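The values are calculated or read from the model by the stated rules, or taken from the named source; none is laboratory data. This is a predicted model, so every value here is computed, not measured. FYI the Cβ positions are ideal-geometry reconstructions off the backbone, even for glycines, and counts take in every protein chain you see. Accessible surface areas use protein heavy atoms only, side chains included; no ligands, DNA or RNA. Shrake-Rupley method; radii C 1.70, N 1.55, O 1.52, S 1.80 Å.
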Amino acid sequence: MDVGLTDRRVLVTGATGGIGRALTRAFAAEGARVAVAYHRDQAAAQAAVRESGGEQRALAVRYDLADPACGDTAVGAVTDRWGGLDVLVANAIRPPTFRPGAASFEDVPVADWLPFVQDNLGRTVATVQAAVGAMRRGGWGRIVLISTHLVRQGAAGREFYTATKAALHGLASSLAWDVGRDGILVNVVAPGLTLTDRVAAMPRQVRAREAAATPSGRLTTPEEVARAVLFLGSALNGNITGEVLTVAGGH
Ligand SMILES: NC(=O)c1ccc[n+]([C@@H]2O[C@H](COP(=O)([O-])OP(=O)(O)OC[C@H]3O[C@@H](n4cnc5c(N)ncnc54)[C@H](OP(=O)(O)O)[C@@H]3O)[C@@H](O)[C@H]2O)c1
């Protein structure tokens, strides 16, 4: 089935992470040109470029959420190379996603949590702004923001993480109005606990408990998340916008 991604220009942030690698593979397999936005792991980014068809078809772009200019820089690198941007998958996360140490919620200093929110939310919003500018010029676009099923469920110690991710849901639902008439659709994918290398390294009992808490009885795979993103981030998605798609085995 043609999903309409041939030669489309796709920017994936956090592309060297567990879910990010599955995302770049999924888009490259559909004939898209993929910009691999990486933070520290340049070797992994270069491997992803090779896997995505080499330097004619893929591009490694350094991307640090701590840098106020990261969105403009990454989107600029894609438009300079390929003349535009069609798809953004905002997937990067700057840890820690748990409340630090044993601190009570009320004891976490603003100076500790505000940079987390600023980097993960503020810089993601700025990246979306840069992407929308490029997509409006092209008259077509798909934006997928990666959240977490914990926004709906909640989890002890995850207040700053879920607050940050929940804001992306609000961004999608309102931005959908602003960009809809320009052919741009913006949605959220909210994975459940996903079997990346990091999660696979968790104690077996933790993984078993999480799996048992889902109707499907198992954890999500990165490829399953990637297929949902591919659907919303391609021409298969004709008119779905402002929505949240949870990929968590019914959790
Ligand atoms: N895995 C899960 O169970 C799960 C569940 C629900 C939602 N999610 C969401 O899915 C997304 C991907 O998660 P993942 O599990 O694939 O995470 P991961 O394996 O830890 O990968 C995170 C990615 O973000 C990059 N990153 C870290 N700090 C950064 C910074 N300051 N600036 C820019 N990029 C930075 C990492 O690069 P470096 O390694 O080079 O630092 C890496 O490429 C995240 O948004 C996460 O919240 C994951």
### Task
Rank LEU114, LEU145, LEU195 by mean-square fluctuation in a GNM of the chain with C-alpha springs under 10 angstrom and give only the top-ranked residue.
LEU114
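For the range 9-247, what mean projected area does the convex hull of the alpha carbons give, in nm²?
So the Cα hull casts an average projection of 12.7 nm².
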### Query
Among the chymotrypsin sites (Phe, Trp or Tyr not before Pro) within the range 47-142, which fall in a DSSP loop and have no more than 11 other Cβ atoms within 10 Å of their own Cβ?
none
### Message
Could you work out what % of the accessible surface of the range 97-216 is carbon and sulfur, using a 1.4 angstrom probe and leaving DNA, RNA and ligands out of the count?
### Response
56 percent
### Task
Please state, as a whole number in µm²/s, the translational diffusion coefficient that the Stokes-Einstein equation yields for the range 1-49 at 10 °C and 1.306 mPa s, with Rh defined as the Kirkwood radius across alpha carbon pairs.
148 µm²/s
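Once the convex hull of the alpha carbons of the range 157-221 is built, what does its volume come to per residue, in cubic angstrom?
Numbers: hull volume 8.1 nm³, N = 65.
Considering the Cα atoms of the range 157-221, their hull volume per residue is 125 Å³.
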### Task
Might you tell me the accessible area per residue for the range 9-247, computed with a 1.4 Å probe and given in Å²?
46 Å²
### Task
Return the single residue from LEU65, LEU168, LEU236 with maximal mean-square fluctuation; model: Gaussian network over the chain, springs between Cα atoms under 10 Å.
LEU236
### Task
Using a 10 Å cut-off on Cβ atoms, rank the peptides 157-165, 85-93, 216-224 from the highest mean neighbour count down.
85-93, 157-165, 216-224
### Query
Taking only the alpha-carbon positions of the range 103-223 and ignoring solvent, what does the Debye formula give for the base-10 log of I(q)/I(0) at q = 0.14, 0.15, 0.16 Å⁻¹?
-0.76, -0.84, -0.92
